[in-house]
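Presented below is the structure to which this report refers.
The values are calculated or read from the model by the stated rules, or taken from the named source; none is laboratory data. This one's a predicted model, so the numbers in the text were calculated from it and none came from an experiment. Cβ coordinates were reconstructed from backbone atoms using ideal geometry, including for glycine residues, and neighbour counts include every protein chain displayed. Note: areas computed on protein heavy atoms with side chains; ligands, DNA, RNA excluded. Shrake-Rupley method; radii C 1.70, N 1.55, O 1.52, S 1.80 Å.
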Amino acid sequence: MLFLGKEIPSPLTLASGILGISFSSLQRVIRDGAGMVTTKSLSIEPRIGHEGPVIVEFNGGLINSVGLTNPGIQDGLEEVEKFHNQFEGVVIVSVFGGNANDFVKLAEAVNQSSADFLELNLSCPNVEDEFKRPFALMPEKVTEIVSAVRTVSDIPILAKLSPNANDIGVIAKLAEDAGAHGLTMINTLGHGMVVDAIAKRPVLRNNFGGISGPCIKPLAIKLIYDVSKVVDIPILGTGGISTGLDAVEMMMAGASAIGVGSAVYDHGLDVFKSIREEMEVFMDSHGYSDYSDLIGILEEN
Ligand SMILES: Cc1cc2nc3c(=O)[nH]c(=O)nc-3n(C[C@H](O)[C@H](O)[C@H](O)COP(=O)(O)O)c2cc1C
């Protein structure tokens, strides 16, 4: 199937932030049936992120407050080159900055690499103390950042949106109008908090974190469905996918490709293989010959 003009063997995509940037772990995901991999979000300078514990599991998914730990754009792009020197596969480089100028500098650096797509992380909820509100909640910032990057980027741009926006349809349309070639949605939900009753404290050192995993799947599907009605650009749907049926449902709601994040923590890297096989079984038994036959075919009651 095609995604933004690139031929991919399956719509499955490693979501940002899950396996860092090491090219050896990225290639394992491609070997197991993913069509694309997304790097951890990269900033201009390296970042240490928050003190641990930064990830906690609860009986609906995960809460994390990693705080965008990353080695910086230069080291990150070196891993992309190592990856492309040895393997086939579409690499999405995720970046974030504190203002439009940072995003422009990052896009210019990515232009010098073999990255296939550029994902703008406008929606991380875990660095509000530093960067104030996520850009994806502020319509004028979405327009400013996406249009600034569009003027410099040599490769297609995906804008990553937040489920916390008041009206994600409005934000999505602004991103499209500003020149985004596609959307990635959703980033983590909340903040949420998990409490250790014995210690009488939150489990996360940072107290709060973004919620991901199975509990956000119905929300992700609804928001993707809504957004697919108002934009003409493809959506990389992400949020709570861990089975082939989950992925089929999200594609029917309007996603053109599927990001998988928290399920890697729950089920290990084999999850890409199992999701892909389960999708194929569903498609064979229900008469769909290509992944793209699933996109946006949901009918409302
Ligand atoms: C531990 C962890 C770290 C993450 N780091 C990033 C990140 O660096 N950049 C980003 O855009 N999203 C990040 N995310 C969000 C995921 O890419 C994804 O949008 C979200 O978790 C929903 O998908 P899921 O339910 O499949 O995990 C992170 C998620 C988790 C669980």
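With R₀ fixed at 30 Å, the C-beta to C-beta distance from Glu140 to Thr69 puts the FRET efficiency at about 0.55. With a simple spin-label model that places each label point 7 Å from the Cα along the Cα-to-Cβ direction, the separation between Ile48 and Ser285 comes to 5.2 nm. Of the residues Pro71, Leu223, Gly33, the one whose Cα sits farthest towards the positive end of the charge dipole of the chain is Pro71 (charges of +1 on Lys and Arg Cβ, -1 on Asp and Glu Cβ, taken about the Cα centre).
What residue among Gly60, Ile48, Val91 has its Cα farthest toward the positive end of the dipole of region 1-145, where the charges are +1 on Lys, Arg and -1 on Asp, Glu, each on the Cβ? Checking the options against the dipole of region 1-145, the answer is Gly60. Rolling a 1.4 Å probe across the protein heavy atoms gives region 54-174 an accessible surface of 40 Å² per residue.
Distance between the pseudo-spin-label points of Glu7 and Arg205 (7 Å out from Cα toward the beta carbon): 4.7 nm. For region 241-301, the solvent-accessible area with a 1.4 angstrom probe is 47 square angstrom per residue. Here the chain is treated with +1 on each Lys and Arg Cβ and -1 on each Asp and Glu Cβ, and its dipole about the Cα centre works out to around 740 debye.
Remark: for residue pairs Lys160/Lys217; Lys132/Lys173; Lys82/Lys222; Lys6/Lys132; Lys141/Lys200; Lys6/Lys40, the C-alpha separation exceeds 27 Å in Lys82/Lys222; Lys6/Lys132; Lys141/Lys200. Each Lys or Arg adds one and each Asp or Glu takes one away; over the other residues whose Cβ falls under 12 Å from the Cβ of Leu42, this sums to -3. Of the solvent-accessible surface of the chain, computed with a 1.4 Å probe over protein heavy atoms with every protein chain present, carbon and sulfur atoms account for 51 percent. Of all DSSP beta bridges confined to the chain, the antiparallel ones make up roughly 35%. Taking all protein chains together and a 1.4 Å probe, the residues Ile224, Ile297 rank Ile297, Ile224 from largest to smallest accessible area.
For Asp266 and Ile297, the difference between the fully extended length at 0.36 nm per residue and the C-alpha to C-alpha distance is 8.2 nm. Taking Lys and Arg as +1 and Asp and Glu as -1, the other residues whose beta-carbon sits under 13 Å from that of Val260 total -2. Estimated at 0.36 nm per residue, the fully extended path between Lys222 and Glu81 surpasses their Cα-Cα distance by 47.1 nm.
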